[in-house]
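Structure first, commentary second.
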Amino acid sequence: MAIQSPEQNLNTSHIVNGDENNQYLLFFLGEELYGAPLLQVKEIVKILPTKKVPFMKPYFKGLINLRGQVVSVIDLRMKLSINTKNQNQGLVMIVETNESSIGAIIDDLHSVHHFDKSEININSNANKQDKNTEYLYGVARLDENRLVNLIDMSACIGNEDLKLMSEMKVS
Amino acid sequence: MEDFEIEIKKSFLDEATSLLEDTESAFISLETIDDPTDHINNIFRLAHSFKGSAKAVGFEGLAHLAHYMEDVLTLLKSNRLKITPYVTTLLLKTVDVLRIYLSGLKSDFNFAYDTSEICHELMAIKNSEGHQQEFENKINGVTENIKQSLANSTSDNNDSNLEEPDDENTESNSSNAFVNLTDHTNKKTSELFNPKTQSTEKIVPKNVEDENIRVAVKKLDTLLNFVGEMVVQKSILDQNIKDGNIQVSDLVNIFSYMSKLVTEVQTVSMSLRMVPIKPLFQRLKRTLRDVAQIQQKDVELMTQGDDVELDKLILDRIIDPLTHIIRNAVDHGIENEADRLIAGKTEKATVWLEAVQEDNIVKIIVKDNGRGLNKKKIIEKAIQNGLINSADNLSENEIYKLIFKPGFSTKEVVTDISGRGVGMDVVLQTVQELKGSVEIQSIEGKGSVFTINIPLSHAILGGIIISVDDTKYIVPLPHLVETIRLNRFNPHSTKNGERVINLRGEIIPVFNLSDALNMKGFRSQKNNRIQSEQGIIVHFDNQKSCFEIDAIHGQQEIVIKKIGKEIGSLPGIIGAGIIGSGEVSLILNLKDFSLKGARYGNSVA
């Protein structure tokens, strides 16, 4: 699980000796901190020009050529409806789904952090009703002032139907 | 289970499957070969080694069944038992059982399958040595009526109802008789004449797709040769760099040779996945035989193009549709002997199965000299099932295509075509998923021809690069007919609101690609002027369409890349490719847009 961003000053001092299952990749979307389970993240790359695809939902940015592989890229901020003046959007997080890879545009990396179970607060069932935020499954406390929104990347961009119309069969 | 145990079990299962294919073809040929001695010896060896290996890797159940089969084969070998249709059918049934057993074992080494029935039958025929004829007569006599009623009910309940519907009475009579007989008859023998017995229908383990392929050693040698050459060229270049001795002309030479090598390696590598279609044809021969036997029709299958090669994945998927088409050909297409004689045909009907490779496409053709498709009946059936209102605007082709519509046949054929839920609509769907098409031709009274066209899945496609709205797209070369300067043509408007141009006497509809790709604001075509200068003419199913585009950027060999499912099933998009500049570009299937355009042209906003 390589994090390929040599230009970024990655603060990894937070990595405690825990197993991989408890490690999270923390990143910024706007000014908010989000955390994705490290095991879901395949790699991080600098943003590449995307090729638009017709008939797809608005947050579907397009396709990129990732070392010869064609990968779909999603604007994660748009999908989560995060409005911010921050124009960063410099990185793409590649998530491995069951068949292929999908990328999500993020603003900046923060760190890789290990959260103990005690530091994590899984959302109660109330929020699960809204299918759109099912993948935001909890909150973790980073330090005294900061909370991290835990997001299940596979559920968020992996398996969902990204097509604009679900039934696009032409007779 | 230890690792090595798993390994040997797995490799046995793979080999066993192909052994079984060989055995099946051998069984089928048993009936028609004059001197079957060599044949039988061969089969016996196959069965014997099968039994031995199965036992060695610990599959006792398999070995057990193989043992019974071997017993029967021993008797056949020494001529103590005669090769009769009953025997052949029984052996083929054994192959079926073995196949299911193997397939189950592939997903679970502990898969248990009750083979007691077939073992009993094998033992029974073995014990009938000396009085084989009597034994068979008894079985035949008991089930003669069942066969008869099966044949009657099969030809009554058919998918497309193309024949004259039989009397209500006969149908209920024969099914009554069927019910009565099964009550009184030995259940085992009645199932003998069903290609799919009840026990096999209950447990059908999921089809685990073979992860291994058999590759001709010659192909591998060729590939290694070319790779060797490439290594040599690499060393030459390496050496030149070290010596500091690089002339541009040298580089050009090396590059040019490398290009040739790369092309060859590419061709051979892609051909590694290709397997000959012959085993598929053998399976179909078996299917045809089974169906013909049940219906008591004398049908012969002729094959051609056995060594045409197909990508393995395609082969795996095309077998069900083809099986269905063959069954239909025998079931509905071919008349029974009496009718054939009346029509002045030979008693023996023929089905031709042919594979041909043209360009980038493999055509699989199923032809029969049966009764052909009855257009009137098809139209009636379609109207009856609410698929169309009237047949006014339908071309002959479109009428035939009606049989592919889901809901065309409401009755499921009980004995024959059931078991896998494959209907003609699924056939079309499967073929389309393989990016192929189906064509039908027919002459009433003479026969029908079904052609399945499948594009060979080459990873590299020749295409032209076009741009619309500042985005580049790829149109596959095989689709392209010509490019034209649209501003030289005057468009006309048809009564459907379509725009057409007259190209050297041909009327071709014109679509605007920018509109087709743009979800917002489908321009209703009141603006009849053609905006662009450039147009391309593409053709599908012998119909041409013209598309307005912004510009053409040239022709290129495009590497087709796998794309995720989220895009894979969009209309009009076959895939994505990487063009020379490194950009990703979508590969368009303009056929979908030409249909869409026509439809939107009709409904003016």
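Consider A:Ile120 against the criteria (1) at pLDDT below 70; (2) farther than 16 Å from A:Val73 by Cβ: it satisfies all of them except one. Which criterion is unmet? Of the numbered conditions (1) at pLDDT below 70; (2) farther than 16 Å from A:Val73 by Cβ, the odd one out for A:Ile120 is (1).
When B:Gln233 is tested against (1) open to solvent by less than 50 Å² (accessible area, probe 1.4 Å); (2) under 26 Å from B:Leu461 (Cα atoms); (3) not hydrophobic (A, V, I, L, M, F, W, C), just one condition goes unmet, and that condition is (2). All conditions but one from (1) more than 13 Å from the chain's Cα centre (by Cα); (2) in a helix (DSSP H, G or I) apply to B:Asp306; the one that does not is (2). Checking A:Asn145, A:Asn125, A:Asn132 one by one, the residue that is modelled with pLDDT of 80 or more, away from chain B (no Cβ under 14 Å) and open to solvent by 80 Å² or more (accessible area, probe 1.4 Å) is A:Asn145 and no other. Does at least one position in region A:58-75 carry a residue that is away from chain B (no Cβ under 14 Å) and at pLDDT 85 or above? Within region A:58-75 (the criterion being away from chain B (no Cβ under 14 Å) and at pLDDT 85 or above), the answer is yes, since at least one residue qualifies. Using the structure shown, decide if B:Ser49 is under 23 Å from B:Gln282 (Cα atoms) and not aromatic (Phe, Trp, Tyr). Judged against the criteria, B:Ser49 is a match.
Restricting to region B:120-129, name every residue that is of a type in the set (S, T, N, Q) and part of a helix (DSSP H, G or I). Passing the criteria: only B:Asn127. No other residue among B:Asp306, B:Asp320, B:Asp316, B:Asp311 is in contact with a helix residue (DSSP H, G or I) (Cβ under 6 Å, 6 or more places away or on another chain) and surrounded by 15 or more Cβ atoms within 10 Å (Cβ to Cβ) apart from B:Asp306. Out of B:Val268, B:Val291, B:Val227, B:Val299, I need the residue that is surrounded by 14 or more Cβ atoms within 10 Å (Cβ to Cβ), touching a strand residue (DSSP E or B) at 6+ places or on another chain (Cβ under 7 Å) and not hydroxyl-bearing (Ser, Thr, Tyr). Which one? Result: B:Val299 is the single residue among B:Val268, B:Val291, B:Val227, B:Val299 that is surrounded by 14 or more Cβ atoms within 10 Å (Cβ to Cβ), touching a strand residue (DSSP E or B) at 6+ places or on another chain (Cβ under 7 Å) and not hydroxyl-bearing (Ser, Thr, Tyr). Before we move on, is B:Leu30 touching a Ser or Thr at 6+ places or on another chain (Cβ under 6 Å) and either under 14 Å from B:Val95 (Cβ atoms) or among the basic types (Lys, Arg) (or both)? For B:Leu30, the condition - touching a Ser or Thr at 6+ places or on another chain (Cβ under 6 Å) and either under 14 Å from B:Val95 (Cβ atoms) or among the basic types (Lys, Arg) (or both) - is met. Just one of (1) at pLDDT 80 or above; (2) within 14 Å of another protein chain (Cβ to nearest Cβ); (3) open to solvent by less than 30 Å² (accessible area, probe 1.4 Å) fails for A:Leu150. It is (2). The residue that is nearest to B:Tyr400 (Cα to Cα), among those in region B:329-352 that are in contact with a helix residue (DSSP H, G or I) (Cβ under 8 Å, 6 or more places away or on another chain) and open to solvent by 20 Å² or more (accessible area, probe 1.4 Å), is B:Asn336. Inspect region A:77-92 for any residue being at pLDDT 90 or above, more than 10 Å from chain B (Cβ to nearest Cβ) and either touching a Gly at 6+ places or on another chain (Cβ under 9 Å) or open to solvent by 20 Å² or more (accessible area, probe 1.4 Å) (or both) and give the result as yes or no. Looking through region A:77-92, at least one residue is at pLDDT 90 or above, more than 10 Å from chain B (Cβ to nearest Cβ) and either touching a Gly at 6+ places or on another chain (Cβ under 9 Å) or open to solvent by 20 Å² or more (accessible area, probe 1.4 Å) (or both).
Listed by first and then second residue, the pairs linking a residue in region B:116-132 that is loosely packed, with under 12 Cβ neighbours inside 10 Å to a residue that is outside any helix (DSSP H, G or I), with Cβ atoms under 9 Å apart and 6 or more places separating them unless they lie on different chains, are B:Gly130/B:Arg80.
The values are calculated or read from the model by the stated rules, or taken from the named source; none is laboratory data. Being a predicted model, the structure only gives us computed values, none of them experimental. Here the Cβ is made from the backbone with ideal geometry for all residues, glycine too, and neighbour counts use every protein chain on show. Please note that ligands, DNA and RNA were not included when accessible areas were found on the heavy atoms of the full protein model with its side chains. Shrake-Rupley method; radii C 1.70, N 1.55, O 1.52, S 1.80 Å.
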